[in-house]
Amino acid sequence: MSRRTYAAVAGLVALMPLLARTAAADVTVVGRYRFANGDTLTRASYYTNRWMRTTLPNGDEIVYSRDSDRITLIDHAGKRYWEGPRARADSVTRRMRAERARAMAETATPEDQEKRNAIFAALTDSVHQGSTGRSRVICGYPCSEYVLTAGQYLRQDRWIARSLAVPDFSKEVQNVVIATIMDPLGRGLMTLVVQGRVVDGLTLQGRLRYKTLSQEGEMSWEAVQVSSEKIPETAWLPPTDYTRWVPTAADTAIKR
(Lines give C-alpha, C1' and ligand atoms only; values in the text may rest on other atoms or scores of the structure.)
Protein backbone atom coordinates (compact mmCIF):
# COMPACT_ATOMS: atom_id res chain seq x y z
CA MET A 1 0.00 0.00 0.00
CA SER A 2 1.40 3.43 -0.91
CA ARG A 3 2.52 6.09 1.53
CA ARG A 4 -0.32 8.35 0.40
CA THR A 5 -2.92 6.00 1.89
CA TYR A 6 -1.59 6.83 5.33
CA ALA A 7 -0.80 10.49 4.79
CA ALA A 8 -4.21 12.08 5.36
CA VAL A 9 -3.26 13.24 8.83
CA ALA A 10 0.18 11.76 9.40
CA GLY A 11 1.93 14.49 7.49
CA LEU A 12 0.84 17.15 9.95
CA VAL A 13 4.27 17.14 11.54
CA ALA A 14 5.81 18.01 8.18
CA LEU A 15 4.11 21.39 8.39
CA MET A 16 5.56 22.33 11.77
CA PRO A 17 8.42 24.40 10.27
CA LEU A 18 5.77 26.81 8.90
CA LEU A 19 4.77 27.86 12.39
CA ALA A 20 7.36 30.56 13.08
CA ARG A 21 7.08 34.30 12.84
CA THR A 22 10.25 36.39 12.81
CA ALA A 23 12.57 36.78 9.85
CA ALA A 24 16.03 35.22 9.63
CA ALA A 25 18.72 34.37 7.09
CA ASP A 26 18.34 31.50 4.62
CA VAL A 27 17.62 28.22 6.41
CA THR A 28 17.79 24.72 4.93
CA VAL A 29 16.50 21.83 7.05
CA VAL A 30 17.05 18.26 5.89
CA GLY A 31 14.35 16.19 7.55
CA ARG A 32 13.73 12.47 7.89
CA TYR A 33 10.05 11.45 7.85
CA ARG A 34 8.61 8.14 9.04
CA PHE A 35 5.03 7.51 7.93
CA ALA A 36 2.39 5.34 9.59
CA ASN A 37 3.01 2.39 7.23
CA GLY A 38 6.74 2.38 8.00
CA ASP A 39 7.87 4.15 4.82
CA THR A 40 10.61 6.74 5.27
CA LEU A 41 11.51 9.84 3.30
CA THR A 42 14.46 12.21 3.60
CA ARG A 43 13.97 15.62 1.99
CA ALA A 44 15.10 19.22 2.43
CA SER A 45 12.87 22.19 3.23
CA TYR A 46 14.00 25.72 2.37
CA TYR A 47 13.14 29.10 3.92
CA THR A 48 14.15 32.68 3.14
CA ASN A 49 12.55 36.07 3.80
CA ARG A 50 10.82 35.79 0.40
CA TRP A 51 10.43 32.08 -0.36
CA MET A 52 9.46 28.78 1.21
CA ARG A 53 9.56 25.17 0.03
CA THR A 54 8.37 22.31 2.23
CA THR A 55 6.67 18.93 2.20
CA LEU A 56 2.88 18.67 2.44
CA PRO A 57 0.88 16.09 4.42
CA ASN A 58 0.38 13.84 1.39
CA GLY A 59 4.08 13.74 0.47
CA ASP A 60 3.81 16.44 -2.20
CA GLU A 61 5.66 19.76 -1.95
CA ILE A 62 4.63 23.40 -1.94
CA VAL A 63 6.74 26.37 -3.07
CA TYR A 64 5.51 29.82 -2.08
CA SER A 65 6.82 33.21 -3.27
CA ARG A 66 5.89 36.14 -1.07
CA ASP A 67 6.89 38.72 -3.69
CA SER A 68 4.62 37.36 -6.43
CA ASP A 69 2.05 35.73 -4.10
CA ARG A 70 2.21 32.61 -6.27
CA ILE A 71 2.35 28.93 -5.36
CA THR A 72 3.83 25.88 -7.04
CA LEU A 73 2.28 22.52 -6.12
CA ILE A 74 4.51 19.53 -6.89
CA ASP A 75 2.68 16.21 -7.26
CA HIS A 76 5.41 13.57 -7.00
CA ALA A 77 3.12 10.58 -7.56
CA GLY A 78 1.85 12.04 -10.83
CA LYS A 79 5.20 13.60 -11.77
CA ARG A 80 3.45 16.88 -12.49
CA TYR A 81 3.20 20.37 -11.03
CA TRP A 82 0.89 23.36 -11.03
CA GLU A 83 2.05 26.96 -10.73
CA GLY A 84 -0.18 29.99 -10.36
CA PRO A 85 -1.76 32.65 -8.11
CA ARG A 86 -2.28 31.69 -4.47
CA ALA A 87 -5.97 32.61 -4.80
CA ARG A 88 -6.47 29.62 -7.15
CA ALA A 89 -4.16 27.15 -5.42
CA ASP A 90 -6.58 25.64 -2.90
CA SER A 91 -9.18 24.88 -5.59
CA VAL A 92 -6.53 23.19 -7.71
CA THR A 93 -5.40 21.20 -4.68
CA ARG A 94 -8.97 20.07 -4.02
CA ARG A 95 -9.09 18.74 -7.58
CA MET A 96 -5.93 16.73 -7.03
CA ARG A 97 -7.35 15.43 -3.76
CA ALA A 98 -10.63 14.46 -5.43
CA GLU A 99 -8.78 12.34 -7.98
CA ARG A 100 -7.08 10.39 -5.17
CA ALA A 101 -10.04 10.18 -2.79
CA ARG A 102 -12.93 9.27 -5.10
CA ALA A 103 -13.29 5.85 -3.52
CA MET A 104 -13.47 7.34 -0.03
CA ALA A 105 -16.18 9.78 -1.07
CA GLU A 106 -18.24 6.97 -2.63
CA THR A 107 -18.18 4.89 0.56
CA ALA A 108 -18.98 7.70 3.02
CA THR A 109 -22.33 7.25 4.82
CA PRO A 110 -24.70 9.69 6.55
CA GLU A 111 -23.78 8.00 9.84
CA ASP A 112 -20.11 8.84 9.21
CA GLN A 113 -21.01 12.49 8.65
CA GLU A 114 -23.02 12.59 11.88
CA LYS A 115 -20.05 11.18 13.79
CA ARG A 116 -17.72 13.75 12.23
CA ASN A 117 -20.07 16.59 13.13
CA ALA A 118 -20.15 15.43 16.75
CA ILE A 119 -16.35 15.21 16.87
CA PHE A 120 -15.94 18.66 15.31
CA ALA A 121 -18.28 20.12 17.94
CA ALA A 122 -16.25 18.56 20.76
CA LEU A 123 -12.76 19.36 19.45
CA THR A 124 -12.64 23.01 20.46
CA ASP A 125 -13.18 22.29 24.14
CA SER A 126 -10.68 19.42 24.13
CA VAL A 127 -7.69 21.31 22.69
CA HIS A 128 -4.75 21.90 25.03
CA GLN A 129 -1.22 23.03 24.25
CA GLY A 130 1.84 24.27 26.07
CA SER A 131 5.41 23.65 27.18
CA THR A 132 6.44 20.52 29.05
CA GLY A 133 9.50 22.24 30.48
CA ARG A 134 11.84 19.71 28.88
CA SER A 135 14.80 20.72 26.69
CA ARG A 136 17.43 19.06 24.49
CA VAL A 137 19.91 19.89 21.72
CA ILE A 138 19.14 18.88 18.10
CA CYS A 139 21.58 19.54 15.25
CA GLY A 140 23.46 21.88 17.57
CA TYR A 141 20.41 23.99 18.51
CA PRO A 142 18.79 24.11 21.97
CA CYS A 143 15.15 23.03 21.69
CA SER A 144 12.17 23.12 24.05
CA GLU A 145 9.31 20.60 23.95
CA TYR A 146 5.71 21.67 23.34
CA VAL A 147 2.65 19.42 23.21
CA LEU A 148 -0.71 19.90 21.45
CA THR A 149 -3.60 17.54 22.20
CA ALA A 150 -7.18 17.34 20.95
CA GLY A 151 -8.97 14.74 23.04
CA GLN A 152 -8.35 11.19 21.87
CA TYR A 153 -7.88 12.27 18.25
CA LEU A 154 -4.56 14.10 18.23
CA ARG A 155 -1.32 14.35 20.16
CA GLN A 156 1.53 16.36 18.67
CA ASP A 157 4.92 16.51 20.42
CA ARG A 158 7.42 18.94 18.94
CA TRP A 159 10.87 20.22 19.84
CA ILE A 160 11.24 23.89 18.88
CA ALA A 161 14.53 25.74 18.35
CA ARG A 162 13.66 29.26 19.52
CA SER A 163 16.92 30.65 18.08
CA LEU A 164 15.90 29.60 14.54
CA ALA A 165 13.20 31.71 12.95
CA VAL A 166 11.78 32.09 9.47
CA PRO A 167 8.94 34.27 8.15
CA ASP A 168 5.48 33.02 9.06
CA PHE A 169 3.83 31.92 5.80
CA SER A 170 1.15 29.82 7.53
CA LYS A 171 -1.69 32.27 6.87
CA GLU A 172 -0.82 32.45 3.18
CA VAL A 173 -0.66 28.70 2.61
CA GLN A 174 -3.03 27.24 5.22
CA ASN A 175 -5.97 26.79 2.81
CA VAL A 176 -3.77 24.85 0.41
CA VAL A 177 -2.36 22.73 3.21
CA ILE A 178 -5.80 21.85 4.56
CA ALA A 179 -7.10 21.08 1.05
CA THR A 180 -4.50 18.31 0.62
CA ILE A 181 -5.97 16.20 3.44
CA MET A 182 -8.18 13.39 2.15
CA ASP A 183 -9.87 12.49 5.44
CA PRO A 184 -12.55 15.07 6.45
CA LEU A 185 -11.75 14.80 10.15
CA GLY A 186 -8.08 15.03 9.26
CA ARG A 187 -8.75 18.42 7.68
CA GLY A 188 -10.19 19.59 10.99
CA LEU A 189 -7.14 18.37 12.87
CA MET A 190 -4.86 20.05 10.34
CA THR A 191 -6.64 23.33 10.98
CA LEU A 192 -5.84 23.04 14.68
CA VAL A 193 -2.16 22.47 13.93
CA VAL A 194 -1.74 25.26 11.39
CA GLN A 195 -3.54 27.76 13.61
CA GLY A 196 -2.02 26.50 16.86
CA ARG A 197 1.32 28.34 16.95
CA VAL A 198 2.40 28.98 20.54
CA VAL A 199 5.97 30.33 20.16
CA ASP A 200 8.31 31.54 17.44
CA GLY A 201 10.94 29.12 16.25
CA LEU A 202 11.62 26.16 14.00
CA THR A 203 10.58 22.63 14.94
CA LEU A 204 13.51 20.23 14.59
CA GLN A 205 11.82 17.06 15.82
CA GLY A 206 8.25 15.93 16.27
CA ARG A 207 5.92 13.00 16.68
CA LEU A 208 2.22 12.79 15.89
CA ARG A 209 -0.40 10.30 17.04
CA TYR A 210 -3.76 10.68 15.32
CA LYS A 211 -7.15 9.03 15.05
CA THR A 212 -9.99 9.63 12.58
CA LEU A 213 -13.05 7.61 11.62
CA SER A 214 -11.16 5.85 8.82
CA GLN A 215 -7.64 5.46 10.17
CA GLU A 216 -5.25 5.94 13.06
CA GLY A 217 -1.52 5.77 13.45
CA GLU A 218 1.68 7.55 14.30
CA MET A 219 4.39 9.31 12.36
CA SER A 220 7.56 11.16 13.22
CA TRP A 221 9.79 13.83 11.72
CA GLU A 222 13.29 14.88 12.70
CA ALA A 223 15.95 17.23 11.38
CA VAL A 224 19.21 15.55 10.51
CA GLN A 225 20.96 18.67 9.19
CA VAL A 226 20.42 22.43 9.49
CA SER A 227 22.28 24.91 7.29
CA SER A 228 22.30 28.70 6.92
CA GLU A 229 24.14 28.71 3.61
CA LYS A 230 22.74 30.69 0.68
CA ILE A 231 19.91 28.76 -0.97
CA PRO A 232 20.32 28.37 -4.77
CA GLU A 233 17.57 29.58 -7.10
CA THR A 234 17.07 26.01 -8.33
CA ALA A 235 15.56 25.14 -4.95
CA TRP A 236 12.36 26.92 -5.99
CA LEU A 237 11.89 24.94 -9.22
CA PRO A 238 9.99 21.66 -9.78
CA PRO A 239 11.91 18.62 -11.07
CA THR A 240 12.89 19.15 -14.70
CA ASP A 241 11.27 15.90 -15.85
CA TYR A 242 7.83 16.75 -14.40
CA THR A 243 4.94 17.90 -16.60
CA ARG A 244 3.19 21.19 -15.98
CA TRP A 245 -0.51 20.62 -15.26
CA VAL A 246 -2.95 23.21 -16.61
CA PRO A 247 -6.41 22.33 -15.24
CA THR A 248 -9.58 23.30 -17.08
CA ALA A 249 -12.36 25.37 -15.49
CA ALA A 250 -14.25 22.14 -14.79
CA ASP A 251 -11.23 20.67 -13.05
CA THR A 252 -11.15 23.44 -10.45
CA ALA A 253 -14.91 23.57 -9.85
CA ILE A 254 -14.68 21.08 -6.96
CA LYS A 255 -16.59 21.57 -3.72
CA ARG A 256 -14.71 21.46 -0.43
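Where the second residue is among the polar types (S, T, N, Q) and the first is in contact (Cβ under 8 Å) with a residue 60 or more places away in the chain and lies in region 230-248, which pairs have Cβ atoms under 7 Å and are six or more apart or on separate chains?
Taking only residues 6 or more apart or on different chains, the pairs are I231/T28; I231/T48; P238/T72.
For region 55-94, name all the residues that are basic (K, R), in contact with a helix residue (DSSP H, G or I) (Cβ under 8 Å, 6 or more places away or on another chain) and either at pLDDT below 75 or in a loop (DSSP other than H, G, I, E, B) (or both).
Result: R66, R94.
The values are calculated or read from the model by the stated rules, or taken from the named source; none is laboratory data. Note that the structure is a prediction, hence the values are computed from the model and not measured. All Cβ positions, even for glycine, are placed from backbone atoms using ideal geometry, and neighbour counts span all protein chains on display.
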